[in-house]
Amino acid sequence: MSEKTSDSAVKLVKEIQSKHYLYYALIIAVVLFALTKASLFIGFAVFVVVAIVVSDMVIGSEKHGWQSEVKEVAIALAVALIIWFGASFLLQTSAPLDAIVSCSMLPNMERGDMVILQGKTSVSAPEISLSQAQWDEIQQKKELEWICVYCNTTQGLTPCLYSPSTQTAKSVENQSGLVEYECGTCTRKFFDGRETYYPCTKSVTIAGQTAKANYSNDVIVYETLATDAFGKDNIIHRLYAKIVVEGKNYYLTKGDNNPWLDVQVGNSPPPDERVHGKVILGAPYIGYFKLYLFGRGATPPGCDSTLSEQPI
């Protein structure tokens with residue numbers, strides 16, 4: 001690039017900065033996204049933020065030189081690392097920040113929310129106590145994996161239980177073993193006004209101890225295994241129950257916008273060592289920077305509706 005072209009570019013950047021065009025564009029993009037939920041606008045907002053940072057660097061280098069600008073960037077990165085490790089120490093977790101990737105927590109938490117976590121602390125959820133023998137039996141027989149579906153019966157379509165691993169179904173009334181699920185019908189309400197009905201889990205009873213969905217339970221972030229159904233991202237879901245097996249904790253979780261518990265669709269119940277912490281605070285939209293940085297900008301399925309329970 002010639003010196004004349006470079007000077008023209010810097011002059012253009014200064015003009016844009018002086019008129020605050022980028023800041024106006026950022027505000028408009030965020031407002032449009034809030035109104036439409038179209039990922040195009042939040043993607044544009046991320047692009048504008050990057051443009052603001054780059055333009056500040058260009059103007060700063062023109063005033064003080066590139067060496068000074070690189071030094072300031074290095075200092076900013078060092079400060080960010082200090083804040084990260086400081087927050088990790090204070091909040092007792094290796095990952096004090098995370099972003100919500102999917103819409104599984106609608107309507108209570110949004111995709112793109114940035115959440116702050118606190119680790120090594122007590123959590124609010126119903127507690128189920130089991131012996132090691134009982135837990136081993138449940139795991140061996142895969143009693144937690146049954147999901148609520150509709151089956152054809154003489155009475156028509158009715159809720160029943162289905163095992164993906166054995167591809168067998170059984171009636172809700174014909175349950176045996178340490179785990180029993182109560183199935184119901186939920187209403188999925190689409191944002192365009194449509195409604196559909198869907199089989200869903202209403203409660204789980206383990207060794208005579210029952211737990212139900214409760215929005216006052218804590219939301220946790222846990223790490224998945226490679227063998228789990230959702231093995232790509234950390235999962236940010238609400239606690240359904242804490243299972244205590246002779247002093248060792250395992251957690252049952254469920255997305256507020258999902259019809260079934262995570263364990264019912266192939267995720268193993270995480271123990272303490274795979275739980276990064278519980279959510280103590282959230283901020284909207286900020287998490288989109290992480291999503292776009294890791295190529296997760298496209299809107300995933302399930303963001304067009306919310307699920308609410310409706311008794312049969």
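Each reported figure results from applying straightforward, stated rules to the coordinates on display, with no laboratory input. Computed from a predicted structure; not experimentally measured. When we count neighbours, we look across all protein chains shown, and the Cβ atoms used for this are built from the backbone with ideal geometry, even at glycine.
For the chain, what does the helix formula give at 222 nm: sum of -39500 (n - 2.57) over DSSP H segments with n ≥ 4, over the residue count, nearest 500 deg cm²/dmol?
Result for the chain: -10500 deg cm²/dmol, rounded to the nearest 500.
Using Cα-Cα distances under 8 Å and only pairs 6 or more residues apart, what relative contact order does segment 130-237 have, in percent?
Normalised by residue count, the contact order of segment 130-237 is 16 percent.
Just report the Cα centroid separation between segment 119-195 and segment 47-64, whole Å.
Going from one Cα centre to the other spans 54 Å.
Going through the cross-link list Lys120/Lys290; Lys141/Lys248; Lys248/Lys290; Lys11/Lys290; Lys212/Lys278, which pairs have a Cα-Cα distance over 23 Å in this structure?
Lys120/Lys290; Lys248/Lys290; Lys11/Lys290
Return the FRET efficiency for the residue pair Thr187, Thr210: r is the Cβ-Cβ distance, R0 is 30 Å, and the value is rounded to the nearest 0.05.
E between Thr187 and Thr210, to the nearest 0.05, is 0.85.
I need to check one value: relative contact order of the chain, counting alpha carbon pairs closer than 8 Å and at least 6 residues apart, in percent.
The normalised contact order for the chain reaches 21 percent.
Find me the longest stretch of the chain that has none of the exposed trypsin sites (Lys or Arg not before Pro), where exposed means in a DSSP loop (not H, G, I, E or B) with at most 11 other Cβ atoms within 10 Å.
20-119
Which residues among segment 88-110 fall inside the zone where the amide N is under 17 Å from a point 7 Å beyond the Cα of Lys120, along Cα→Cβ?
Once the point is set 7 Å along Cα→Cβ of Lys120, 88-97 turn out to lie under 17 Å by backbone N, inside segment 88-110.
With mean projected area of the Cα convex hull in nm² as the read-out, I listed [x] 18.9; [y] 25.4; [z] 20.5; which label goes with the value calculated from this structure?
The value matching this structure is [z].
Would you mind computing the Rg to Rh ratio of segment 222-312 from its alpha-carbon coordinates, Kirkwood style for Rh?
Rg/Rh: 0.98.
For the chain, return all DSSP H helices satisfying: extent of Cα atoms along own axis at least 24 Å; mean Kyte-Doolittle hydropathy at least 0.5.
Long hydrophobic helices here: 39-64, 66-91.
Considering the Cα positions of segment 119-184, please state its Rg to one decimal place and its Dmax as a whole number of Å.
Cα only, segment 119-184: 15.1, 51 Å (Rg, Dmax).
Quick one: putting +1 on the C-beta of Lys and Arg, -1 on the C-beta of Asp and Glu, what dipole do you get for the chain around its Cα centre, in Debye to the nearest 20?
For the chain, the charge dipole is close to 500 debye.
Stick to Cα atoms and the Kirkwood definition of Rh, then tell me Rg/Rh for segment 108-253.
0.98
Pop out the ³J(HN,Hα) list for segment 109-120 in order, Karplus 6.51 cos²θ - 1.76 cosθ + 1.60 with θ = phi - 60°, rounded to Hz; leave Gly and Pro as x.
9, 9, 4, x, 5, 9, 10, 9, 10, 10, x, 6
Give me the dipole magnitude in Debye, nearest 20, for segment 159-236 about the Cα centre, with unit charges on the beta carbon: positive for Lys and Arg, negative for Asp and Glu.
Approximately 220 debye in magnitude.
Counting other Cβ atoms within 10 Å of each Cβ, which chymotrypsin sites (Phe, Trp or Tyr not before Pro) in segment 118-227 have at most 11 and sit in a DSSP loop?
Phe191, Tyr215
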